[in-house]
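Asker: Just passing along the structure, written as structure tokens.
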Amino acid sequence: MIDVSHETLVGISKSYGLFYLIALSVAVAVYVCWPRNKSKFDRAAKSILNDEDGPWR
Amino acid sequence: MVSTLTKNERHFAFIISVAVAICGLVMAAAGRNDLLGTHGFVVFFFALGVTFILARGYYDPEPGAERFAAYYDEPIKVGVILAMSWAVFAMFVGDWVAWLLAYPTLTFDEPWASFGRLRPIHTTGIIFGFGGNALIATSFHVMQRTSRARMPDQLSPWFVLIGYNLFCVLAVTGYPLGITQSKEYAEPEWYADIWLVIVWVTYLALYLRTLARRQEPHIYVANWYFLAFILVVAVLHIVNNLALPISLSSAKSFPIFSGVQDAMTQWWYGHNAVAFFLTAGFLGMMYYYLPTRAQRPIFSYRLSIISFWGITFLYMWAGSHHLHYTALPQWVQTLGMSFSLMLLVPSWASAGNALLTLNGAWHRVRDDATLRFMMVAAVFYGVSTFEGSFLAIRPVNSLSHYTDWTIGHVHAGALGWVALITFGAIYSLVPILWKRERIYSPALVEVHFWLALAGTLIYVFAMWNSGIVQGLMWRTYTASGTLAYSFMDSVVAMHPYYIARAIGGLLFFVGTVVGFYNIWMTIRTPINVARELATDRPVTEHAGAPAAEPAE
């Protein structure tokens, strides 16, 4: 097995791991709040309500 | 069934089932001195049965091009019936196990009926048999409807559904014989695991191929949850089942990890099986069937995306809370504990989103038991995720771990959330699939709802009580510093709670039988032609391609 020390793992999780999760949260928040996406989301949310009734267009 | 396959697909299906039957024979021959041989015969006769069904319909007329004008719902129908059959079977075994704990003589002195062998039949039958078939069936429905596209071929959905059920059959027939890897929720041995990988990769490919045919560039959020379920379960299953069989003629294998690494891998798998099998997939169900049944768009689409990424990235790290106070390094335990606490945010975001969607539709919740199933499921989702985060806190875990509190928590999730959302989805789906105006008897849906709710509450309260009593008895000291109660004292104290639990389980089981009867009668009641959903059609642009594509 590869020998990874306790200190290395803790170091990675406290540095890279922390920023990785913060960056992900920021990216997701920016994506959902991006004004241009709003109409797309609204359309998607409504799209399922009548999908047994007919195709899009 | 066979008549919906093209000639080409019938050939492929025939080749696949004969190949599987031959594999079964090889297993039976190679493992003749081992339990592997018994499973070889199970595989052989299963494949023989499928071959027989194929042969019977082999000369049926081929489906015409008009099939491209409708969604392909045949495998979904079979999936729904299989899910309900597994539910009845596995809940029966579950209740048997519950009575067995109250009255240990119910093993009838048979080794196959011991608790250790019956219990995985119950858990596998529920999680994989009931839950898995329900997920496959509803995902086939959701992916086609939200993409406005028919599945790309007719063979791969059948391969996924039937192949998956072969895995389930191998699992539950193995336990009474004593075949197990002894990994919770991953008990099946190496050959069944390899087979599941083949089936699962086909499932992922089928889902992606259907999505690729969609018209709208944006993919509806329910599909994200279903895809996370399929993709992550594949990764979890492969990594946790890395094992070496002692020989190719033996059912027994040993994991490649050992000691605490093996335990950590197992609970990384185990907790994410809860997260991605029992949560992400069923959230996909909720985000589709709850809004469509309530006829209201989801309260906040943005919030559903935030919850999606929250659940996906936080759950991955939470598994180590199953190993508090063990040889696992303290910091890994703390990591699992902190991520479990953070998980409350996306979990409650989903539960809240579902309940706020119903704002303005509460009269429908009152009148429609199907929607009420889904509403109560969202409440239980909120309750059990809160409880989960709470139990993951190390000092709380010191009281709850190894007690019935864990069982109560799991069943608040499995009965209250997973089963109720599934029943709601199936009751919505059945009239659509079989083109009926409504379910056979709305009154029986009410009966099922109240039996299921009463059963869940009795079960969960019994286990909360017994769990906390157990935990407290195990840590009560006398003035002289010795334990006040022996372990047997705590076992005796559990007896009334075990009877209550078994009664709760019985109510839930009876509700499921009533539900299955209602669904069956809906199917059997003659079609109302006027109600035929003439416009329930996929976009024909892509589907208009001439002959069927060869299967996977």
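The values are calculated or read from the model by the stated rules, or taken from the named source; none is laboratory data. On a predicted model such as this, the values are computed, not experimentally measured, just so you know. Every residue, glycine as well, gets a Cβ built from its backbone with ideal geometry; the counts of neighbours run over all protein chains shown. Surface areas here come from the heavy atoms of the whole protein model, side chains and all, with no ligands, DNA or RNA. Shrake-Rupley method; radii C 1.70, N 1.55, O 1.52, S 1.80 Å.
Asker: Nearest 0.05, what FRET efficiency do A:D42 and B:L457 give at R0 = 35 Å with Cβ-Cβ as r? Mind showing how you got there, number by number?
Answerer: Details: r = 38 Å, r/R0 = 1.09.
Calculated transfer efficiency: 0.40.
Asker: Here is a follow-up. Below 8 Å, C-alpha to C-alpha, sequence gap of six or more: please give me the relative contact order for chain B in percent. Provide the component values of the computation, followed by the final result.
Answerer: Values: 842 pairs, mean separation 90.1, N = 552.
For chain B, the relative contact order is 16 percent.
Asker: Please quote Rg/Rh for the protein assembly as shown to two decimal places, taking the Kirkwood radius as Rh and restricting both calculations to Cα atoms.
Answerer: That ratio is 0.96, to two decimals.
Asker: Once the whole set of protein chains is in place, how much accessible area is left on B:T173, using a 1.4 Å probe, in Å² to the nearest 10?
Answerer: 50
Asker: Given a cut-off of under 8 Å on Cα pairs at least six residues apart, what relative contact order in percent is computed for the range B:1-121?
Answerer: Dividing the mean separation by the residue count of the range B:1-121 yields 23 percent.
Asker: Which whole-Hz couplings ³J(HN,Hα) result when phi for each residue of the range B:207-217 is put into the Karplus expression 6.51 cos²θ - 1.76 cosθ + 1.60, θ = phi - 60°, listed in order with x for Gly and Pro?
Answerer: Calculated HN-Hα couplings, in order: 4, 5, 5, 5, 4, 5, 8, 6, 9, 7, x Hz.
Asker: Using only the Cα atoms of chain B, what semi-axes does the equivalent ellipsoid have when each is the square root of 5 times a gyration tensor eigenvalue? Give whole Å, largest first.
Answerer: Working: eigenvalues 285, 173, 105 Å².
Here the semi-axes work out to 38, 29, 23 Å.
Asker: Ok, one more. How big is the range B:373-467 by Rg and Dmax over its Cα atoms, in Å?
Answerer: My reading of the Cα-based Rg and Dmax gives 16.1, 54 Å.
Asker: Ok, one more. Around B:F508, with a cut-off of 13 angstrom between Cβ atoms, what is the net charge of the other residues, counting Lys and Arg +1 and Asp and Glu -1?
Answerer: Overall, the nearby charge balance is 0.
Asker: How big is the range B:1-63 on each of its three principal axes, counting only the C-alpha atoms and giving the largest first in Å?
Answerer: Largest first, the range B:1-63 extends 46, 15, 12 Å along its Cα principal axes.
Asker: Then there is this: Tell me, what is the per residue accessible area of the protein assembly as shown in Å², probe radius 1.4 Å?
Answerer: Details: 25670 Å² over 609 residues.
Dividing the accessible area of the protein assembly as shown by its residue count gives 42 Å².
Asker: On a straight-distance basis, which lysines could pair with B:K183 in a cross-link, Cα separation under 20 angstrom, same-chain partners fewer than 8 positions away excluded?
Answerer: Candidates past the 8-residue exclusion: B:K252.
Asker: Kirkwood-based Rg over Rh for the range B:181-229 (C-alpha set), two decimals?
Answerer: In the range B:181-229, Rg relative to Rh is 1.16.
Asker: Right, next: Report, in whole Å, the centroid distance computed from the Cα atoms of the range B:258-334 and the range B:444-512.
Answerer: 26
Asker: Here is a further query. In degrees between 0 and 90, to the nearest 10, how far off the longest principal axis of chain B does helix B:133-147 point, with axes built from Cα atoms?
Answerer: 50
Asker: Quick one: Debye curve from the alpha-carbon atoms of the range B:212-262 only, equal weights, vacuum; give me log10 I(q)/I(0) at q = 0.15, 0.21, 0.29 Å⁻¹ to two decimals.
Answerer: -0.62, -0.83, -1.06
Asker: With axes computed from alpha carbons, what is the tilt in degrees of helix B:442-474 against the longest principal axis of chain B, rounded to the nearest 10 within 0 to 90?
Answerer: 30
Asker: If you add up the charges near B:T357, with Lys and Arg at +1 and Asp and Glu at -1, over every other residue whose beta carbon is less than 13 angstrom from its beta carbon, what do you get?
Answerer: Values: positive: A:K46, B:R293, B:R296, B:R364; negative: none.
Every neighbour counted, the sum reads +4.
Asker: Any idea of B:M463's accessible area? Nearest 10 Å², probe 1.4 Å.
Answerer: Spelled out: B:M463, probe radius 1.4 Å, area about 0 Å².
Asker: Also, quick follow-up: Within straight cross-link reach of B:K7, meaning Cα distance under 28 Å, which lysines are found once same-chain residues fewer than 8 apart are removed?
Answerer: The reachable lysines, counting only those whose Cα sits under 28 Å from B:K7, are B:K77, B:K435.
Asker: How large a share of the accessible area of the protein assembly as shown, in percent, is made up of carbon and sulfur atoms when the probe is 1.4 Å and the other protein chains stay in place? Before the final figure, lay out each step's value.
Answerer: Numbers: 18290 of 25670 Å².
It is 71 percent, rounded to a whole number.
Asker: Convert 4 °C to kelvin, take the viscosity as 1.567 mPa s, use the Kirkwood radius over C-alpha pairs of the range B:412-505 as Rh, and evaluate the Stokes-Einstein diffusion coefficient in µm²/s, rounded to a whole number.
Answerer: Answer, rounded: 80 µm²/s.
Asker: Ordered by residue, what ³J(HN,Hα) values in Hz, to whole numbers, does the range B:43-58 give under the Karplus form 6.51 cos²θ - 1.76 cosθ + 1.60, where θ = phi - 60° and Gly and Pro are x?
Answerer: 4, 4, 6, 4, 5, 4, x, 5, 4, 4, 4, 5, 5, 5, x, 4
Asker: Using a 1.4 Å probe and counting only protein heavy atoms, arrange B:F308, B:F92 so the residue with the most accessible area comes first.
Answerer: Largest to smallest exposure gives the sequence B:F92, B:F308.
Asker: So how tilted is helix B:221-240 from the main axis of chain B? Cα-based, degrees 0 to 90, rounded to 10.
Answerer: Long axis of B:221-240 versus the principal axis of chain B: about 60 degrees.
Asker: Along the positive direction of the dipole of chain B (beta-carbon charges: Lys, Arg +1; Asp, Glu -1; about the Cα centre), which of B:A83, B:P61, B:I246 reaches farthest?
Answerer: Sorting the options by dipole projection puts first B:P61.
Asker: Please list, in chain and number order, the residues 5+ apart from B:A243 or on another chain whose amide H is under 5 Å from its amide H, with Hs placed from the backbone.
Answerer: Long-range HN contacts for B:A243: B:I256.
Asker: Here's a follow-up. Work from the charge dipole of chain B (Cβ charges, +1 for Lys and Arg, -1 for Asp and Glu, about the Cα centre) and give the residue of B:L303, B:G178, B:Q261 farthest towards its positive end.
Answerer: B:L303
Asker: Next question, about the same structure. Work out the mean other chain Cβ neighbour count within 10 Å for the residues of A:39-46 and drop it here as an integer.
Answerer: Shielding by partners across A:39-46 averages 6.
Asker: Could you tally the net charge around B:H411, taking each other residue with its Cβ under 14 Å from the Cβ of B:H411, Lys/Arg +1 and Asp/Glu -1?
Answerer: That works out to -1.
Asker: Right, something else. Please give the total accessible area that chains B and A bury against each other, computed with a 1.4 Å probe and expressed in Å² to the nearest 100.
Answerer: 2900
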